[in-house]
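Comments concern the structure below.
Only the coordinates and a few stated rules stand behind these numbers; no lab work does. These numbers come from a predicted model, not from an experiment. Virtual Cβ from ideal backbone geometry, glycine too; neighbours counted across all protein chains shown.
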Amino acid sequence: MEQNFNFNPSFIKLLMEDDFTREILIPYAFVMNLKEKLSSRCTIESEAKNSVRNSWPVRIRKKGRYYYICRLSWPKFVKDHHLKLGDYLLFHLIDKTTFRSKAIWCGLLPKKV
């Protein structure tokens, strides 16, 4: 059966690693289904109200069999969104080089930034 990529593949990430300010693990199943569609340099677009920018360049890095969003402006993205342990991020893959992200609470309500 052929896959239909007319939708935006998505994942939700719970920020639970102590070093999420430096990098976050992309879910393995997401990467295995779409790794040929991912670029090593991507942009995260978002609606951070306290930020002058609404996009942040990041890197997708492979460590072993896992892939991470890291480097470049990822720490700035974390700071601009006031992210902390226990927050959730929703990521939509828009195209090979663009993720659209939204910070949400564990109650799945939009996070006030």
Other residues with Cβ under 9 Å from the Cβ of residue 72 give, with Lys and Arg +1 and Asp and Glu -1, a net charge of +4
Among 60, 78, 24, whose Cα lies farthest out toward the positive end of the dipole of the range 10-104, if unit charges sit on the beta carbon of Lys, Arg (+1) and Asp, Glu (-1)?
60
Treating only Lys and Arg (+1) and Asp and Glu (-1) as charged, each at its beta carbon, one finds that the range 10-104 has a dipole about its Cα centre, in Debye to the nearest 20, of 320 debye
How far apart, in nm, are two points set 7 Å out from the Cα along the Cα-to-Cβ line at residue 54 and at residue 76?
1.7 nm
Any idea how far apart residue 38 and residue 19 come out in nm if each label point goes 7 Å out from Cα toward Cβ?
1.7 nm
